[in-house]
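Peer 1: The structure follows.
The values are calculated or read from the model by the stated rules, or taken from the named source; none is laboratory data. Source: prediction; values computed, not measured. All Cβ positions, even for glycine, are placed from backbone atoms using ideal geometry, and neighbour counts span all protein chains on display. Heavy atoms of the whole protein, side chains included, go into the accessibility calculation; ligands, DNA and RNA do not. Shrake-Rupley method; radii C 1.70, N 1.55, O 1.52, S 1.80 Å.
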Amino acid sequence: MVTLIHTLADHSDDVNYCAFSLSCLATCSLDKTIRVYSLNNFTELPYSPLKGHTYAVHCCCFSPSGHVLASCSTDGTTMVWDTGDGRMLAVLEQPSGSPVRVCRFSPESTFLVSGAADGSLVLWNMHSRKLYRSGNVKDGSLMACAFSPGGNFFVTGSSCGDLTVWDEKMRCLCNEKAHDLGVACCDISSQPISDGEHGFRYFQMASCGQDNQIKLWLVLFADFLGVELKHKCTLKGHSAPVLACAFSCDGQMLVSGSVDKYVIIYETSTGNTLHTLSQHTRYVTTCAFAPYSPLLATGSMDKTVNIWQLDLKQHCAGSTVENESEVAVEDWSEDDVSAWLRAQDLADFVGLFKVNNIDGKELLNLTKESLANELKIESLGLRSKVLQKIEELRRKTSSVSVTIPDEFLCPITRELMKDPVIAADGYSYEKEAMETWISSKRRSSPMTNLPLHSLVLTPNRTLKMAISRWLETQQK
């Protein structure tokens, strides 16, 4: 279920974009302003609205830490703001002076990309706030941009319909004709997935455009293979150009907004439509999921931004076990366990659990050792996934009120992370646990068992801040 919980109606013209940080929501408009709201009660911050642009503001984005906000405009500039007090920190002028349509921070806040209507693309060094690299797409205006979670490449979309992959040195790595009438938006999920064929870990990307379509892509970036971009599937449902798309934090959902005035939420694993929202009265121009929070924002040419709350329990793969709330887990039959496995997207284990006569009581008693030694589940990633779902059941059974979000738990130790780092496989781990893993001469991913093409561990500051904020909420 998705519930409309708040409507913001402070802009005096079309809303062009909205973006979340861990604590704030920013919106920008044709009215030349950027407005910033607290997520606690959706009240506008004291320094809002931010004024400085002389023409329409097309896009805004937070740095990963949330301390800095960038906005870009028809006036040919990208402005950088301090989110603590609203001070303007820098005005970055597009060298060509062309209207700037899109801006994005890299995951480590090292760079800021700005893309313009004349196809010019600038990579700004955010430490010096100076131009670092520049380039151009072959044809059309730059309309969309998204960084990979590791920050080693980014993708742009143009009005001529191309998706282009670039590295941090602004070298064009790959170009693909994606949408016949132009790309309007693109996004890359932070969660890697397997292609199920060669065992490689891909990042999932979505693009949408003037052809009424949303396309899902698999993007592989590896030093030894280069860049591979392949079409996964096309999502249908909109009857007019799709102007916006965005992944949820866990990559399991994708939201889109269209000229047909509808917002559609899809399940990415199946492509099925989960929800269709129809409250906007004009074109839906922007949509965004909040990080680590069940909130969704949608903006429109009707001058409003709607805030929605999602019931995440309704979004697990498959249907829930009908008698889960009526029959205690300890009393589940083997068939109940099988139904539960299917509902948790673990259908591949149904036969294994049946052969071992796993009923509800046995299910709750399973440990990582028994999963490995007795059920012979060799993959650490799969064992962790099964154990995670079992732990959720245990928490429900014991009526524990505090549930640690799974993305805050180290896949190796299954404990709350204190110093999360991103490994070459795209997953985040507790630094000490991953260093121990590597020092034991293991050169494979703990999650996939595939070779790690690099042993570099990158601090995941965004995740660390999210964990800190969650801990603060638990102490209140």
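Peer 1: For the range 90-139, what are the residues that are closer than 29 Å to LEU457 by Cβ, open to solvent by less than 70 Å² (accessible area, probe 1.4 Å) and either in contact with a Cys (Cβ under 8 Å, 6 or more places away or on another chain) or not in a loop (DSSP other than H, G, I, E, B) (or both)?
Peer 2: Result: CYS103, ARG104, PHE105, PHE111, LEU112, VAL113, LEU123, TRP124, ASN125.
Peer 1: Go through the range 176-188 and report how many residues are in contact with a Pro (Cβ under 8 Å, 6 or more places away or on another chain) and either open to solvent by less than 30 Å² (accessible area, probe 1.4 Å) or outside the structural domain of ALA70 (by the TED database) (or both).
Peer 2: Within the range 176-188, residues that are in contact with a Pro (Cβ under 8 Å, 6 or more places away or on another chain) and either open to solvent by less than 30 Å² (accessible area, probe 1.4 Å) or outside the structural domain of ALA70 (by the TED database) (or both) number 2.
Peer 1: May I pose another question? For a quick check of your reading of the model, give me the residue pairs whose first member lies in the range 176-195 and is under 16 Å from LEU235 (Cα atoms), whose second is charged (D, E, K, R) and at pLDDT 85 or above, with beta-carbon atoms closer than 8 Å and at least 6 apart or on different chains.
Peer 2: Final answer for the pair search is ALA178/ASP162; ALA178/LYS215; HIS179/ASP211; HIS179/LYS215; ASP180/ASP211; VAL183/ASP162.
Peer 1: Considering the range 452-474 alone, what residues qualify as being open to solvent by less than 70 Å² (accessible area, probe 1.4 Å) and part of a helix (DSSP H, G or I)?
Peer 2: THR462, LEU463, MET465, ALA466, ILE467, SER468, TRP470, LEU471 - these are the residues of the range 452-474 that are open to solvent by less than 70 Å² (accessible area, probe 1.4 Å) and part of a helix (DSSP H, G or I).
Peer 1: For the list (1) without any contact (Cβ under 8 Å) to a residue 40 or more places away in the chain; (2) open to solvent by 20 Å² or more (accessible area, probe 1.4 Å); (3) not in a loop (DSSP other than H, G, I, E, B), I need the number of the one condition that LEU274 fails.
Peer 2: (1)
Peer 1: Yes or no: the range 43-52 includes at least one residue that is open to solvent by less than 40 Å² (accessible area, probe 1.4 Å), touching a Cys at 6+ places or on another chain (Cβ under 8 Å) and assigned to a strand (DSSP E or B).
Peer 2: Taking every residue of the range 43-52 in turn, none turns out to be open to solvent by less than 40 Å² (accessible area, probe 1.4 Å), touching a Cys at 6+ places or on another chain (Cβ under 8 Å) and assigned to a strand (DSSP E or B).
Peer 1: Out of all the residues in the range 132-146, is one or more basic (Lys, Arg), in the same structural domain as LEU39 (by the TED database) and farther than 20 Å from ASP162 by Cβ?
Peer 2: Checked against the condition, which is being basic (Lys, Arg), in the same structural domain as LEU39 (by the TED database) and farther than 20 Å from ASP162 by Cβ, the range 132-146 yields no hits at all.
Peer 1: Quick check on my filter: what residues within the range 156-175 are buried (at least 18 other Cβ atoms within 10 Å of the Cβ) and not hydrophobic (A, V, I, L, M, F, W, C)?
Peer 2: Hits for the range 156-175 are THR156, GLY157, SER158, SER159, GLY161, ASP162, THR164.
Peer 1: Can I ask one more? Go through (1) modelled with pLDDT under 90; (2) open to solvent by less than 20 Å² (accessible area, probe 1.4 Å); (3) of a type in the set (S, T, N, Q) and name the single condition THR286 misses.
Peer 2: Of everything listed in (1) modelled with pLDDT under 90; (2) open to solvent by less than 20 Å² (accessible area, probe 1.4 Å); (3) of a type in the set (S, T, N, Q), THR286 misses just condition (1).
Peer 1: Identify, by number, the condition in (1) outside any strand (DSSP E or B); (2) within 25 Å of CYS249 (Cα to Cα); (3) touching a strand residue (DSSP E or B) at 6+ places or on another chain (Cβ under 9 Å) that ALA144 doesn't meet.
Peer 2: Status for ALA144: all satisfied but (1).
Peer 1: Modelled with pLDDT of 85 or more and either open to solvent by 70 Å² or more (accessible area, probe 1.4 Å) or in contact with a Ser or Thr (Cβ under 7 Å, 6 or more places away or on another chain) (or both): is that true of GLU378 in this structure?
Peer 2: Criteria not met by GLU378.
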